[in-house]
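Let me begin by presenting the structure, written as structure tokens, before commenting on it.
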Amino acid sequence: QVQPVESGGGLVQAGGSLRLSCAASGRTFSGYDMGWFRQTPGKEREFVAGITWSGFNTYYADSVEGRFTISRDKAKNTVYLQMNSLELEDTALYYCAASQDGVTYKYWGQGTQVTVSS
């Protein structure tokens, strides 16, 4: 199976930027649709952004559209989430996940923490 591994989280001031990376351990991401999700204590896991295997199609949650950009580098077998104009509400544990059928995200990373301060 494919095992996503996230990195790049940290502490950033509101209005700042971070870039999260998701690398593949084991199998590559070839043929998989990829997505970023986030979760805070007491809140249901939320879809943030997704990208198809081809990289030509992307989609975003309304809360991040215009601020976040998802991309993938097939040569490096890495998916990215560029986060700009960060807000306090963006504070969460961010997960990278892979989908084989474009419907269900079956394979998940351990998460990377993003904390936005005022």
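General observations
- Mean separation of Cα contacts under 8 Å, 6 or more apart, over the residue count of the chain: relative contact order %: 36 percent
- Solvent-accessible area per residue in the chain equals 52 Å², computed with a 1.4 angstrom probe and all protein chains kept.
- Rounded percent of accessible protein surface that carbon and sulfur make up, the chain, 1.4 Å probe: 47 percent
- Scattering profile of segment 1-100 at q = 0.17, 0.21 Å⁻¹ [log10 I(q)/I(0), Debye over alpha-carbon scatterers]: -0.72, -1.08
- Options 10, 51, 23, ranked by Cα towards positive dipole end of the chain, top entry (Cβ charges): 23
- Length released on extending from residue 100 to residue 65, taking residue separation times 0.36 nm less the Cα-Cα span: 10.2 nm
The values are calculated or read from the model by the stated rules, or taken from the named source; none is laboratory data. From a predicted model like this one, the values you see are computed outputs, not experimental measurements. Every residue, glycine among them, receives a Cβ derived from its backbone with ideal geometry; neighbour counts consider all protein chains shown. Just the protein is used for accessible areas: all its heavy atoms, side chains included, with ligands, DNA and RNA removed. Shrake-Rupley method; radii C 1.70, N 1.55, O 1.52, S 1.80 Å.
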